[in-house]
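For reference, the structure discussed in these notes is given below.
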Amino acid sequence: RAKAAGRGEVSEFTPDLETSVLKRRDLEVDLKRAIAQGELSLHYQPLVGLERGEVRCFEALLRWSRDPGGPVSPADFIPVAEASGLIGSIGRWVLHQACREAALWPESIRIAVNISPIQFRNADLVLDVFQALEASGLAPDRLELEITESVFLEMNATTISNFRELRALGVRIALDDFGTGYSSLSYLIRFPVDKIKIDRSFIKDMGTRHECLAIIEAILTLAAKLSITVTAEGVETVEQAIMLRARGCDDIQGFLFSPGRPDHAVKGLVATLPSRFAEVFRDDQETD
Ligand code: C2E
Ligand code: MG
Ligand code: MG
Ligand code: MG
């Protein structure tokens with residue numbers, strides 16, 4: 001369909017591509033306005049400890065309620081923000097907002113913030129993190145930065161110094177969507193991380209595909225030997241939670257417990273989640 005009629009040439013824009021380029025431009029213009037008008041907010045999704053069932057952390061998830069138009073998924077607007085350079089100011093806002101809100105939560109609870117690979121290649125990141133901690137008074141070890149393996153795929157000198165300086169600040173680093181990237185495991189030697197988050201795709205099929213369960217078990221063994229904490233992402237059923245608990249997974253996150261919720265819901269989740277899922281945390285259950 002990319003062939004231009006008659007001359008057998010490949011045209012530069014197919015109608016589909018043209019629509020998507022226009023859509024992106026439109027999103028970009030609107031995203032700038034959204035930032036200025038305060039249409040962005042954060043939701044918080046709990047990470048629950050599998051041993052005792054307590055909430056240990058909340059992941060900050062960016063929400064954009066476009067007016068008019070309604071909610072836009074971060075999967076759609078984050079790439080636009082990255083391509084247009086807006087990710088710098090958005091990422092800074094997320095860091096400040098997340099730290100400010102988390103500073104008022106119980107001290108035992110951490111906050112996890114997603115950091116785009118573009119932010120991680122930029123020398124501003126360390127100062128942004130430092131200032132967010134300073135302004136909020138949040139203890140550095142309560143802040144966890146989630147990065148993906150792609151950070152290690154396209155490294156520059158700044159990537160390396162950012163990693164070192166963030167560790168020196170005392171913030172924690174988690175590897176998000178683990179197992180889906182293309183980088184080699186050897187980066188775990190050069191860049192020690194505190195946490196691995198097993199991607200949802202493995203959890204989804206762990207009950208039906210033995211390959212998925214095998215990969216999860218291998219990740220848990222590797223992480224235990226490297227003293228890295230493991231979170232399973234996208235846990236939706238009690239069965240998945242029980243299987244992960246039996247295999248020594250540290251925390252789980254997913255719709256089973258809660259989707260992302262606004263800051264005002266955090267207190268209630270901390271108080272009520274453990275008792276609502278007592279069946280997961282019993283010590284006498286049968287597991288396979
Ligand atoms: P992520 O960091 O892997 O976040 C987890 C995503 O999985 C979230 O989608 C969450 O709502 C969804 N999720 C959680 N539990 C379940 C479950 O049990 N089942 C299913 N089907 N999904 C679940 P969300 O909020 O749409 O975010 C998508 C992605 O957008 C995030 O993936 C992250 O990469 C990016 N993102 C979100 N907020 C930010 C941000 O502040 N900064 C940056 N740079 N990226 C962000
Ligand atoms: Mg994440
Ligand atoms: Mg994730
Ligand atoms: Mg994921």
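The values are calculated or read from the model by the stated rules, or taken from the named source; none is laboratory data. Since the structure is predicted, the reported quantities are computational estimates derived from the model, not experimental observations. Please note: Cβ atoms are built from the backbone with ideal geometry, for glycine as well, and neighbour counts cover all protein chains shown. The area values use the complete protein model at the heavy-atom level, side chains included, leaving out ligands, DNA and RNA. Shrake-Rupley method; radii C 1.70, N 1.55, O 1.52, S 1.80 Å.
Pull out all pairs, ordered by first then second residue, where Cβ-Cβ is under 8 Å, the residues are six or more apart or on different chains, the first lies in region 209-221 and is buried (at least 17 other Cβ atoms within 10 Å of the Cβ), and the second is of a type in the set (Asp, Glu).
These pairs meet every condition: Cys212/Asp205.
What number of residues in region 143-186 are under 30 Å from Cys212 (Cα atoms), polar (S, T, N, Q) and assigned to a helix (DSSP H, G or I)?
Qualifying residue count, region 143-186: 1.
Which condition does Leu188 not pass, out of (1) within 18 Å of Glu59 (Cβ to Cβ); (2) surrounded by 13 or more Cβ atoms within 10 Å (Cβ to Cβ), if it passes all the others?
(1)
Given the conditions (1) of a type in the set (Val, Ile, Thr); (2) surrounded by fewer than 22 Cβ atoms within 10 Å (Cβ to Cβ); (3) within 15 Å of ligand 1 (Cβ to nearest atom), which single one is not true for Ile198?
(2)
So, in region 171-184, how many residues would count as being farther than 19 Å from Gly248 by Cβ, open to solvent by 30 Å² or more (accessible area, probe 1.4 Å) and in contact (Cβ under 8 Å) with a residue 12 or more places away in the chain?
Total satisfying the criteria: 5.
Take the residues of region 227-268 that are in a helix (DSSP H, G or I) and buried (at least 20 other Cβ atoms within 10 Å of the Cβ): which is nearest to ligand 1 (Cβ to nearest atom)?
Looking only at region 227-268, we keep the residues that are in a helix (DSSP H, G or I), and these are 238-246, 263-268.
Subsequent filtering for residues that are buried (at least 20 other Cβ atoms within 10 Å of the Cβ) retains 240-241, 243-245, 266.
Values: Gln240: 9, Ala241: 11, Met243: 15, Leu244: 13, Arg245: 16, Val266: 16 Å.
Selected residue: Gln240.
Output the qualifying pairs, or none if there are none: Cβ atoms under 6 angstrom, residues six or more apart or on different chains, first residue in region 18-44 and among the β-branched types (Val, Ile, Thr) and open to solvent by 90 Å² or more (accessible area, probe 1.4 Å), second residue modelled with pLDDT under 90 and not in a helix (DSSP H, G or I).
none
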